[in-house]
Each structure stands twice: as C-alpha cells, then as structure tokens.
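Remarks on the structure that follows.
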Amino acid sequence: MPASTWWKHGIVYQIYPRSFQDSNGDGVGDLRGIASRLDYLADLGIDAVWISPIYPSPMADFGYDVADYCGIHPLFGTMADFDHLIAEVHRRGLKLILDFVPNHSSDQHPWFVESRSSRSNPKRDWYIWRDPKPDGSPPNNWVSNFGGSAWQFDEASGQYYYHAFLREQPDLNWRNPELREAMHDVLRFWLDKGVDGFRVDVIWHLIKDAEFRDNPPNPAWHPGRPEIESLLQVYSNDQEEVHEVIAGMRRVLDDYQDRVLIGEIYLPTERLVTYYGKDLSGAHLPFNFQLIQTAWNARAIARLVDEYEAALPAGGWPNWVLGNHDQPRIAARIGAEQARVAAMLLLTLRGTPTMYYGDEIGLARVEIPPERVQDPWEKNEPGLGFNRDPARTPMQWDGSGHAGFSTAEPWLPLAPDHAATNVAALAADPRSILSLYRQLLALRRNTRALAIGTYRAVQTDGPVFAFSRMYGSDQALVVLNLSGEQTTATLGSAWDGLRVRLSTHLDRFGEEVGSEIALRPNEGVVLG
Ligand code: NOJ
C-alpha cells in the first residue's frame, strides 16, 4: 500500500482496556487479554491500536486519574505484560498508541501529595492553587466538567486547587517549566519502549487564562444540559499559549521516528484546525468529532465535510471519529441500519479513521441498572442521560459464558442479545455488520484512492450524500443513502460505467451503474 506515513493511510482502533478481554477472571479486561485478541484485530484489517489509560490509578475516573505516569495498574497486569503486548503488536505489523493524560493527575499522585503538603513545597506550583476570594468563596466561577465548582478547598493550606474534572483529578500547571520537563520525560519513557504515539487527553485544556477571569454565562443553556455548559468556556480552555505547549510535546516525539500525536479536542471546526499548530508544529491529528455531533442527514453531513476540508491548513491531514468511550454508541444514536452506512462513511472519507471497539459488531446502548452504575459523571449529575457506561460495556466474542469476555461476571453488563451479537456469530454470517467492516477495511487498504486520494463532493439531492476519491487513475465514488427510504441518486454521465465494488447490503458486487443508481433504504455503495 501507499508510501505515505502509517498514521495517514492507517486505521486506528480504540480499545477500552477494562472491556476488551479479561485474562485472569476478575471481570475486568487486561493487557494479556488484549494480546490474546491481536490476531482478531490484525485479521479485521486495522493498523493501530489505541488503548485508554492502563496506568496505576485509584480509578475515580476509570484510569483518567493517573497516580503514576510510568507504571501499569495491577488490574491490567505488569510492565512485563505491557512489554509482551507491544512486542506482539509489532510482530503483527501493527502500531500501539497510548493514552496520555497530562491535564490532570490523580490526587493520589505523589506529585500532588507533595504539592498539597505545604504552600512552600517545591511542587506547589506543579498544580493550580489560588487563594479564596475575601468571603472565602472559590477564586472564580469555573465549573467542573462533571458538575459543581471546579475548585476544591484545602483546609490545611488555606487555598483552593483547580480541577476541570473530578476533585480527585487536580489540574497540572503547564506554565511551570519543571512540570513540562517531567511530562516530556514521561513521553520519552514510553517512546523508548517503542510506543508509536499518543492520544492526548483534553489537550485543549492544558493552559488556562493567566488571570483566571470568570467565564461568561451561556445564554443558550437550560437545566437538563450539563452544568459545564452553563458558562462559555472562554477562559478555562483553548488559550493561545497552549499551542506552544503542544509544540513542545511534538518536539519530543519528533526526536523519534514515525510517532504520532493525536489530540482530543471538542471545539468548532475553525478552532479545531488551529491545533495542527503553526507550520504544522502541533498535533498530527487533532481529533475530529463532527460525525459524533452532527444531525444524521445527508445535507448536514455534506456541509460539515466540505467545511472541514476547506478549513484544514495546507498539509494538515484530516481524520474522522465515529464513537469513543465518552459518547453514545453510533448504533444507538442512528440505529442498526444506518450504522452500516456510517461505517462506510467513516472508512471512505479522506483522512485517518478511528473506530471504537464493538462498533464492528453493532454493539448498541446497553442499559445499566442503577445499582451497577460506574461512571462518576452519572453519579455527580444523575438521571440526565450523561452516563457513559452504556458505551463502555464488554466486547462480546462468542456464545460461551459472559460472551467469552471473562470467566467472571463482567464489571459492566453485557448486551442482553449477546448470544447473537458476538464476533463468532457475526463472522459466520457473510451479510453481518462485522463482515461489512472487514470488507470495507480490505477495500480501503487495497484502494489508493480511498486510503490517500483526494476528496470531492458530488452534487446530489434528497437523502443522498455522494463524493469521489481519486489517486492518479485510481478512483472511487461513494454514494450513501442516509435515510430509511428507497431513493434514486442521479450521478451525471461523468460516472457512467462504474461498477459496484461494495454495498452496505453486501450484494450487488460487480453490478454496472449508469448515470443513476437506485439505492435501497439505508444502503451505501462504493463504485469504482
Ligand atoms: C476525556 C476522557 O476521554 C474522559 O473519559 C475523561 O473522563 C476526561 N477526559 C477526563 O480525563
């Protein structure tokens, strides 16, 4: 395949380690478990595995509260297990991407324990400490992403510390040069072990307003929406100086060969693209979550793709994401039928696709009984629909007990239909969503136009979104029916004579198409 960098033509697959494969019978997934499923991943046709945090952690936010940046949580295994995993990943020609969580640590991290021990401790400034207002109230009006004030008072030292997430996740101070250096050493530790890159957690949060000004109210907010949205996040994130911090991380990676820096960023397109950095000195791939956030119809999607393509800086490589561990499952959001169209869209657009484990078997929302809720956000702001557990449930492998995920009761419930919705059953069905994913992945791998070709919107109307991909004489035309109604797409004579290379219904292969094509409800096709 193409002589372009692996993270441009490759496909990233996100694993939520607690839920992929348990190897030691405790109901929670682990590193040995992941290693035992690498043949599945290689065979599926992905290129890189990104694993959510596996570091020592009190698990207040399931690993996004790190207590040691250079260790492995015993729940997931040992450093030897990690070394084994990376060797096995590389042996199969795959890449391994780690989650790096630099905005905040756990309150149990030795750095924070030191920092809170006294105002004069050398690590005091590694975190964000501020005096109370004269009336004793928090330094400003900033709200935590999980609800409530973002400031926690520390009785012993008489100051507040800032936490953009849980109070167990104090924010680190990236304006402090020693902290930066310590974090760069963390990156080097893993790079020296051979990891192929990082997905950087909430990268747009790393720098806050130097004066800690109040955020203005959001006039569009109403109760029932997350409390964090009651204020416009003008001063608490996306500050100009963050780009220098990211460029610093990038320089660390650039000392190694072929490593990728992916940034988690929830911002509108025009802000998002600034994270490629000046002269592309920032993130290689600022995560583009628009397919997660958009209304699911042809016009909205056509518009957002065009706007994104137009907004990219020269040389900036696009990327697309359909789901992750913080968002409702795609199959739950748009339904099982459209989830197949979404798969075709994700894997034919221009730019690196990131898949979320389980989407390839059509895993949908799994209801969590109240007594089994795990997500701290749900616990903080209950009943409003913010629970992230339903999208974090165990991977379903086969028809055996606990769907082959574990020999014990899993930490989160399986989908009730796991006897049918599992890898083994779907692999045996040539028309299943899993078979579709496999074929899409293979087609993308074997078609330069799809992997690295240009993108051009093709004018259509009604519920159809169509675009072409070109690389030299290699071309593909993608035509997607974003509705549950049958429709006919008029393509124009320029496309006469193409043949169906793949339909989401996994039939019609080789059918010749004229200037029009009839599409069944929820059908997408790749022509070439
Ligand atoms: C984004 C992560 O994806 C999410 O799971 C986590 O809760 C927050 N960042 C805080 O680290």
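Summary of values
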quantity: Criterion (in contact (Cβ under 8 Å) with a residue 40 or more places away in the chain, away from the ligand (no atom under 16 Å from the Cβ) and closer than 21 Å to Lys95 by Cα) met by exactly one of Val341, Val260, Val305; calculated: Val260
quantity: Selection count where residues are polar (S, T, N, Q) and in a loop (DSSP other than H, G, I, E, B), scope segment 487-528; calculated: 3
quantity: Considering residues of segment 209-242 that are of a type in the set (A, V, I, L, M, F, W, C) and either open to solvent by 60 Å² or more (accessible area, probe 1.4 Å) or part of a loop (DSSP other than H, G, I, E, B) (or both) only, the residue farthest from Tyr127 (Cα to Cα); calculated: Ala220
quantity: Residue among Ala80, Ala156 that alone is open to solvent by 10 Å² or more (accessible area, probe 1.4 Å), closer than 30 Å to Arg37 by Cα and either within 16 Å of the ligand (Cβ to nearest atom) or of a type in the set (A, V, I, L, M) (or both); calculated: Ala80
quantity: Tally of residues being open to solvent by 20 Å² or more (accessible area, probe 1.4 Å), in contact (Cβ under 8 Å) with a residue 12 or more places away in the chain, in a loop (DSSP other than H, G, I, E, B) and not aliphatic (A, V, I, L, M) across segment 399-408; calculated: 2
quantity: Only one of Leu384, Leu363 that is out of contact with any Cys (no Cβ under 8 Å at 6 or more places or on another chain), surrounded by 24 or more Cβ atoms within 10 Å (Cβ to Cβ) and of a type in the set (A, V, I, L, M); calculated: Leu363
quantity: Filter pass, Asp254 being touching a Lys or Arg at 6+ places or on another chain (Cβ under 7 Å) and not hydroxyl-bearing (Ser, Thr, Tyr); calculated: no
quantity: Matching residues, segment 307-317, being surrounded by 19 or more Cβ atoms within 10 Å (Cβ to Cβ) and within 30 Å of Arg365 (Cβ to Cβ); calculated: Tyr308
quantity: Top-ranked residue in segment 18-49 [being hydrophobic (A, V, I, L, M, F, W, C) and free of Cβ contacts under 8 Å to residues at least 60 places away in the same chain; ranked as farthest from Asp61 (Cα to Cα)]; calculated: Ala42
quantity: Failed item in (1) closer than 20 Å to Met59 by Cβ; (2) open to solvent by less than 10 Å² (accessible area, probe 1.4 Å), with Trp377 passing the rest; calculated: (2)
quantity: Residue satisfying condition, being in a helix (DSSP H, G or I) and open to solvent by 30 Å² or more (accessible area, probe 1.4 Å), within set Asp26, Asp39; calculated: Asp39
quantity: Subset of segment 447-462 (residues that are in a loop (DSSP other than H, G, I, E, B) and either more than 17 Å from Pro353 (Cβ to Cβ) or free of Cβ contacts under 8 Å to residues at least 12 places away in the same chain (or both)); calculated: Gln459, Thr460, Asp461, Gly462
quantity: Members of segment 360-374 found to be free of Cβ contacts under 8 Å to residues at least 40 places away in the same chain and closer than 27 Å to Gln290 by Cβ, listed by number; calculated: Arg365
quantity: Residue satisfying condition, being in the same structural domain as Trp151 (by TED's automatic domain parsing) and either within 28 Å of Val373 (Cβ to Cβ) or within 16 Å of the ligand (Cβ to nearest atom) (or both), within set Tyr55, Tyr127, Tyr69, Tyr64; calculated: Tyr127
quantity: Output for segment 417-443, where each listed residue is open to solvent by 10 Å² or more (accessible area, probe 1.4 Å) and in contact (Cβ under 8 Å) with a residue 40 or more places away in the chain; calculated: Thr421, Val423, Leu426, Pro430, Arg431, Ile433, Ser435, Arg438, Gln439, Ala442, Leu443
quantity: Count of segment 457-484 residues which are in contact with an Asp or Glu (Cβ under 9 Å, 6 or more places away or on another chain) and open to solvent by 10 Å² or more (accessible area, probe 1.4 Å); calculated: 4
quantity: Filter result (open to solvent by 30 Å² or more (accessible area, probe 1.4 Å) and either among the basic types (Lys, Arg) or at pLDDT below 95 (or both)) within segment 109-141; calculated: Arg116, Arg119, Lys123, Arg130, Lys133
quantity: Flag for Asp68 being surrounded by fewer than 22 Cβ atoms within 10 Å (Cβ to Cβ), charged (D, E, K, R) and either within 28 Å of Leu346 (Cβ to Cβ) or touching a residue at least 12 places away in the same chain (Cβ under 8 Å) (or both); calculated: yes
quantity: Criterion violated by Asp326 - all others in (1) within 16 Å of the ligand (Cβ to nearest atom); (2) open to solvent by 20 Å² or more (accessible area, probe 1.4 Å); (3) out of contact with any Lys or Arg (no Cβ under 9 Å at 6 or more places or on another chain) satisfied; calculated: (3)
quantity: Options Val89, Val101: the member that is within 16 Å of the ligand (Cβ to nearest atom) and surrounded by 21 or more Cβ atoms within 10 Å (Cβ to Cβ); calculated: Val101
quantity: Residue within segment 177-197 that is among the charged types (D, E, K, R) and within 15 Å of the ligand (Cβ to nearest atom) present; calculated: no
quantity: Scope segment 151-171; condition touching a Pro at 6+ places or on another chain (Cβ under 9 Å) and among the charged types (D, E, K, R); matching residues; calculated: Glu168
quantity: Close pairs (6 angstrom Cβ cut-off, 6 or more residues apart or separate chains): among the small types (Gly, Ala, Ser) in segment 182-207, more than 15 Å from the ligand (Cβ to nearest atom) and assigned to a loop (DSSP other than H, G, I, E, B) anywhere; calculated: Gly197/Arg259
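The values are calculated or read from the model by the stated rules, or taken from the named source; none is laboratory data. Quick caveat: nothing in here was measured; it's all calculated off a predicted structure. Heads up, the Cβs are rebuilt from the backbone with ideal geometry, glycines too, and the neighbour counts pull from every protein chain shown. Accessible surface is based on the protein model in full, side chains and every heavy atom, while ligands, DNA and RNA are left aside. Shrake-Rupley method; radii C 1.70, N 1.55, O 1.52, S 1.80 Å.
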